[in-house]
Amino acid sequence: MAMRWIKITLVMLGLIMAVALSGCGNDAPVKVAVMTKLDTGSIVGISEVDGARFFLEQNNIQNIEIIPFDDAWDPEKTKEVYQEIRAQGIDIIVTSHTSTCSLALKELVDAEGDEVLIFNTGATSDKLSGQDDMFIRNVVDVHTEQRFIAEAINAAAWPKLLIVRDIDNAGYVDPALTYFKQYYRAPVQVLDVSMKKMQMEELRSQLTASGFQSLYLLVGGYQTNAGAVAQLARTLVPDCPIMYTPWLKTPTIIETAGTSLSGSLMPAHYPPRGTDAAIDAYVDAFKNRYGYSPTFISLNVYQAIEILQQGLDAGLRSPAELKQFVLEQDSIETTFGKISFDEYGDSQSPLYFITDIAKEF
């Protein structure tokens with residue numbers, strides 16, 4: 001009899017241990033990949049990674065682990081890094097890379113048929129819009145963005161506009177130019193330039209020959225060489241108004257653009273400093289924590305992790321469940337306000353103009 005009870009006890013202990021171990025497995029943090037550009041000495045990518053980790057830290061989140069991956073914002077490397085992410089069994093990815101990289105990633109995910117959730121925080125390409133796929137995007141697409149910019153320049157009646165377009169990011173600037181022309185009501189000149197291989201003397205000659213009187217820097221991907229173009233333009237036409245894109249809102253633009261920022265405009269996805277308490281509090285807290293000013297995509301990444309956390313709190317885990325959670329909400333309350341997504345996972349939100357660009361940082 002004693003032996004029988006010993007056997008029963010051992011079986012019960014085994015069951016208890018199995019349940020306990022199973023529970024531990026379920027409680028393991030969900031791994032979320034943050035795919036960005038992590039250049040040595042650059043704050044661009046690390047700002048996004050810090051933004052994700054800052055959310056966890058501020059809210060004492062224990063069930064998410066942030067794992068950064070460097071795709072250098074290079075389409076070929078994006079594909080390599082995606083395979084590395086999948087090899088580690090990660091199926092939730094937050095990206096902050098360019099439209100060109102996002103399109104390369106979408107092509108790969110579609111071809112593989114993988115069930116992964118891609119939360120896109122920085123790519124505006126219209127080829128990502130209206131697609132029934134596993135991409136969610138908390139940034140407005142290029143159509144909305146360029147209409148906003150064109151209408152502002154129309155209203156200001158800027159004279160003889162020249163667009164300097166960065167040919168290195170075709171996934172963004174090609175559709176951007178198409179939509180801009182739809183809404184801009186005057187003739188426009190376009191000067192194609194490689195921001196990565198820019199020759200200043202050649203550019204000086206081209207700017208001079210154009211006879212421009214106002215300038216639109218159609219440049220994305222934090223290519224802050226655009227600031228040097230702005231300075232050059234002001235040496236040729238000292239009072240020319242200059243328009244940037246939202247994708248140049250980074251502290252290093254101050255170094256490259258210098259005093260030419262005065263009299264320049266920059267569209268933004270968040271209100272200017274001093275006008276929104278939540279945004280100001282985030283930027284100040286981030287600077288106190290990390291010692292530098294965040295890029296604005298840092299806010300998008302922070303918000304993406306916050307939305308994912310709400311899904312996890314609702315007991316969801318798979319990419320399909322988390323996507324459905326986002327799509328089913330009329331709106332989602334976040335630290336930076338409410339955000340809504342349509343049936344394709346695209347969002348609509350207001351844009352703002354920054355007139356004191358240096359103050360943002």
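The values are calculated or read from the model by the stated rules, or taken from the named source; none is laboratory data. Because the structure is predicted, anything quoted here is derived from the model rather than measured. Backbone-built Cβ (ideal geometry, glycine too); neighbour counts: all protein chains shown.
Numbers for the structure displayed
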| read-out | value |
| --- | --- |
| Residue that is modelled with the highest pLDDT, among those in segment 92-107 that are surrounded by 17 or more Cβ atoms within 10 Å (Cβ to Cβ) and not hydrophobic (A, V, I, L, M, F, W, C) | Thr95 |
| Matching strands (runs of 3 or more DSSP E) fully within segment 57-152 where at least 2 residues are at positive phi and not assigned by TED's automatic domain parsing to the domain that holds Ala314 | none |
| Failed item in (1) in contact with a strand residue (DSSP E or B) (Cβ under 6 Å, 6 or more places away or on another chain); (2) over 22 Å from Ser298 (Cβ atoms); (3) not basic (Lys, Arg), with Thr259 passing the rest | (1) |
| Residues located in segment 276-302, provided they are of a type in the set (Ser, Thr, Tyr) and either within 17 Å of Leu56 (Cα to Cα) or outside the structural domain of Leu56 (by TED's automatic domain parsing) (or both) | Tyr282, Tyr290, Ser298, Tyr302 |
| Which listed residue is in contact (Cβ under 8 Å) with a residue 40 or more places away in the chain, surrounded by 14 or more Cβ atoms within 10 Å (Cβ to Cβ) and not assigned by TED's automatic domain parsing to the domain that holds Thr335, from Gln206, Gln231, Gln223 | Gln223 |
| Flag for Arg165 being under 20 Å from Leu236 (Cβ atoms), touching a helix residue (DSSP H, G or I) at 6+ places or on another chain (Cβ under 6 Å) and of a type in the set (Lys, Arg) | yes |
| Of residues in segment 74-91 being surrounded by fewer than 23 Cβ atoms within 10 Å (Cβ to Cβ) and either within 17 Å of the chain's Cα centre (by Cα) or polar (S, T, N, Q) (or both), the one farthest from Lys323 (Cα to Cα) | Asp74 |
| Test: residue in segment 49-69 that is surrounded by fewer than 24 Cβ atoms within 10 Å (Cβ to Cβ) and touching a Gly at 6+ places or on another chain (Cβ under 8 Å) | yes |
| Of residues in segment 187-216 being hydrophobic (A, V, I, L, M, F, W, C), more than 13 Å from Ser260 (Cα to Cα) and outside any loop (DSSP other than H, G, I, E, B), the one nearest to the chain's Cα centre (by Cα) | Met195 |
| Lone unmet requirement of (1) assigned by TED's automatic domain parsing to the domain that holds Gly113; (2) modelled with pLDDT under 95 for Ile305 | (2) |
